[in-house]
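Beneath this line is the structure, given in structure tokens, with notes to follow.
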Amino acid sequence: MRLVKHIPNTITSMNLLFGIFGVIVCLQGRPDQAFLLMLAAAVCDFCDGLAARALHAYSDIGKELDSLADLVSFGVLPALILHQLMAFQVRGWVTFLPLVLAVFSALRLAKFNLDERQHDSFLGLPTPASAMICGSLAYYVYNEPFTILAEWCGTVWFLPAIALVLSALLVCELPMFSMKISKDADTLTTMKRTSFLAVTALIAIMVAVLRLNWAMIVLMAFVAYIVMNIVFSLFKATR
């Protein structure tokens with residue numbers, strides 16, 4: 001029984017390990033492969049919570065380990081991916097600007113651990129969502145170098161702007177719904193989740209019809225997640 005209680009932390013450790021591998025691969029000049037490792041880390045991040053709830057194996061060390069793993073996989077790694085993507089075409093100190101994303105990811109995770117309001121939903125963009133945007137963008141640009149999006153990424157302003165926008169979203173007070181499976185979810189949260197899944201399905205169909213790179217599904221889905229939460233928040237404020 002004691003061994004079972006270590007299963008969630010083992011899965012969390014795999015999240016960290018995939019993140020470390022992603023950092024190594026990224027520094028070797030393959031941000032596309034780093035994104036694939038980031039996806040593996042995201043699967044582990046999702047599964048460790050499921051395992052903890054299913055096995056009732058919650059622990060303080062698990063909470064801290066989860067934040068440390070997320071900082072590497074969804075904070076340091078996406079910041080390095082943007083830096084490397086920019087360094088392919090731009091030279092100089094400006095290529096280091098996207099690394100600010102790692103700092104704000106750390107602030108986001110520290111805030112989440114202390115904020116008692118974020119059990120069933122989020123205030124600010126979750127670090128995995130920010131990381132998925134960075135990773136999928138890099139994968140798409142690396143594999144589709146002759147697109148307008150790749151051209152934008154070759155400028156001195158586009159990727160630093162993305163890093164700054166994501167950094168602001170990470171630490172803002174914008175309410176954002178969670179995709180965590182919960183029996184106690186209210187009707188509004190269920191509606192938001194269902195809407196997001198429907199939008200993601202439509203995006204997947206569009207990408208397939210237009211024969212775009214599959215990474216656009218991830219990129220557009222998480223951009224849609226941000227837009228939907230902004231719209232929901234504005235709608236709530238006007239009621």
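Placing unit charges on C-beta atoms (Lys and Arg positive, Asp and Glu negative, everything else neutral), compute the dipole magnitude of the chain about its Cα centre in debye, rounded to 20.
Details: 16 positive and 15 negative charges, 52 e Å.
With only Lys, Arg, Asp and Glu charged at Cβ, the dipole is about 260 debye.
Under a GNM of the chain (C-alpha, springs under 10 Å), which listed residue has the highest mean-square fluctuation: 44, 153, 172?
Comparing 44, 153, 172 in a Gaussian network model of the chain, the most mobile one is 172.
Show me 107-113, 131-137, 6-12 ranked by packing, highest mean number of other Cβ atoms within 10 Å first.
So the peptides 107-113, 131-137, 6-12, ranked by packing, come out 131-137, 6-12, 107-113.
Based solely on C-alpha atoms, express the radius of gyration and the Dmax of region 1-134 in angstrom.
In order Rg, Dmax, the Cα atoms of region 1-134 give 15.5, 55 Å.
Among 105, 13, 195, which one moves the most in a GNM of the chain with springs linking Cα atoms closer than 10 Å?
Comparing 105, 13, 195 in the GNM, the peak value goes to 195.
Along region 191-199, what does the Karplus equation 6.51 cos²θ - 1.76 cosθ + 1.60 (θ = phi - 60°) give for ³J(HN,Hα), rounded to whole Hz, x for Gly and Pro?
Result, ordered by residue: 5, 5, 5, 5, 4, 5, 5, 5, 4 Hz.
As an exercise, use a Förster radius of 45 Å and the Cβ-Cβ distance of residue 114 and residue 208 to find the FRET efficiency, rounded to the nearest 0.05.
Efficiency, rounded to the nearest 0.05: 0.60.
Of 225, 194, 113, which is farthest towards the positive pole of the chain's charge dipole, taken about the Cα centre with +1 and -1 on the beta-carbons of Lys, Arg and Asp, Glu respectively?
194
Trypsin sites (Lys or Arg not before Pro), restricted to region 125-222: which are DSSP loop and have at most 11 other Cβ atoms within 10 Å?
183, 211
Taking the highest mean first, how do the peptides 142-148, 19-25, 94-100, 69-75 order by number of other beta carbon atoms within 10 angstrom per residue?
Details: 142-148: 13.3, 19-25: 20.9, 94-100: 17.7, 69-75: 25.9.
So the peptides 142-148, 19-25, 94-100, 69-75, ranked by packing, come out 69-75, 19-25, 94-100, 142-148.
If I model a spin label as a point 7 Å beyond the Cα along the Cα-Cβ vector, how far apart are those points for residue 168 and residue 191 in nm?
The two pseudo-label positions are separated by 2.9 nm.
Could you tell me how many degrees, from 0 to 90 and to the nearest 10, lie between the Cα long axis of helix 7-27 and the main elongation axis, the longest principal axis, of the Cα atoms of the chain?
10
In deg cm²/dmol and to the nearest 500, what is the mean residue ellipticity at 222 nm of the chain if only DSSP H runs of at least 4 residues count, each as -39500 (n - 2.57), divided by the residue total?
So the calculated ellipticity at 222 nm is -23500 deg cm²/dmol.
Within the chain, what is the number of lysine pairs with alpha carbons under 18 Å apart, leaving out pairs fewer than eight places apart on the same chain?
Qualifying lysine pairs in the chain: 6.
When ligands, DNA and RNA are left out and all protein chains stay put, how many square angstrom of accessible area per residue does the chain have with a 1.4 Å probe?
Solvent-accessible surface per residue comes out at 53 Å².
In the chain, carbon and sulfur make up what percent of the accessible area (probe 1.4 Å)?
72
The values are calculated or read from the model by the stated rules, or taken from the named source; none is laboratory data. A quick note: this is a predicted structure, and the numbers were derived from the prediction, not measured. Cβ coordinates were reconstructed from backbone atoms using ideal geometry, including for glycine residues, and neighbour counts include every protein chain displayed. With ligands, DNA and RNA removed, areas are computed over all heavy atoms of the protein, side chains included. Shrake-Rupley method; radii C 1.70, N 1.55, O 1.52, S 1.80 Å.
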